[in-house]
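Below is one structure; the comments refer to it alone.
The values are calculated or read from the model by the stated rules, or taken from the named source; none is laboratory data. This one's a predicted model, so the numbers in the text were calculated from it and none came from an experiment. Cβ coordinates were reconstructed from backbone atoms using ideal geometry, including for glycine residues, and neighbour counts include every protein chain displayed.
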Amino acid sequence: MKYLIIDGYNAICKIREFDAKKDTSLEASRLVFIKALIDFRRRNQKFNKVIIVFDGKSEGLGLDREIYGDVEVLFSNKDKDADKVIVDILKISSSKNEITVSSDDNFIKNHTRVFGCQIMSVKELEDLISLKKKALRGKILEKDLGNKDQDDITKELKKYWGVE
C-alpha cells in the first residue's frame, strides 16, 4: 500500500492558507487542513491512505485517533511527540509499504531516509493539495451562481443560439 504521512503542525505552520486560520484557533486551522486533505484524497488516488500526525490533543495514555475514510488523524500523547510517533510508524510499516513522509523537520527527514522512505517537502505537499484550486481558477462553478443568475444565463444563451 502507498501511504502519505504528514507532520501535521509542521505543515500547518508553513502553509499560509492554514497558518492564517490559527488566528481563529488552532483547532480551526487543524480542521481546515484535515478537510483539505480529505478533499485531496477524494480526487487523487496517488496514495491509498493519508495519515496526519499532530502533537498531543489530550493527556491520554495512548494515541487519539480520528478516521475520515482514507484519511486518518493521530494525536500523540504527553509522553511521545508527533515526531516520535511518525518514526514509530516508519519502523513498523516501512518494510511492508511504500511510504512518503511530508515534513520539513530534519529529525523526521533523517529518519525517513534511514527507513528507505520518500520525503516530500511541505511546499510539495501544498502544491499537491492546491492542484484543484489551480485547475478551477477562472471557471464559473454552478454552485457559485444563484438560481436567478443561472436562469438569466440560460435565457441569454437560448437567444444567442436562436432556440427561444
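Matching residues to (1) under 16 Å from Leu125 (Cα atoms); (2) modelled with pLDDT of 95 or more:
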{"residue": "Lys2", "(1), (2)": "yes, no"}
{"residue": "Ala36", "(1), (2)": "yes, no"}
{"residue": "Phe40", "(1), (2)": "yes, no"}
{"residue": "Phe47", "(1), (2)": "yes, no"}
{"residue": "Ile51", "(1), (2)": "yes, yes"}
{"residue": "Leu61", "(1), (2)": "no, no"}
{"residue": "Asp79", "(1), (2)": "no, no"}
{"residue": "Ser93", "(1), (2)": "no, no"}
{"residue": "Asp105", "(1), (2)": "yes, yes"}
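Please verify whether the stretch 26-36 includes one or more residues that are touching a helix residue (DSSP H, G or I) at 6+ places or on another chain (Cβ under 8 Å) and touching a residue at least 60 places away in the same chain (Cβ under 8 Å).
Yes: the stretch 26-36 contains one or more residues that are touching a helix residue (DSSP H, G or I) at 6+ places or on another chain (Cβ under 8 Å) and touching a residue at least 60 places away in the same chain (Cβ under 8 Å).
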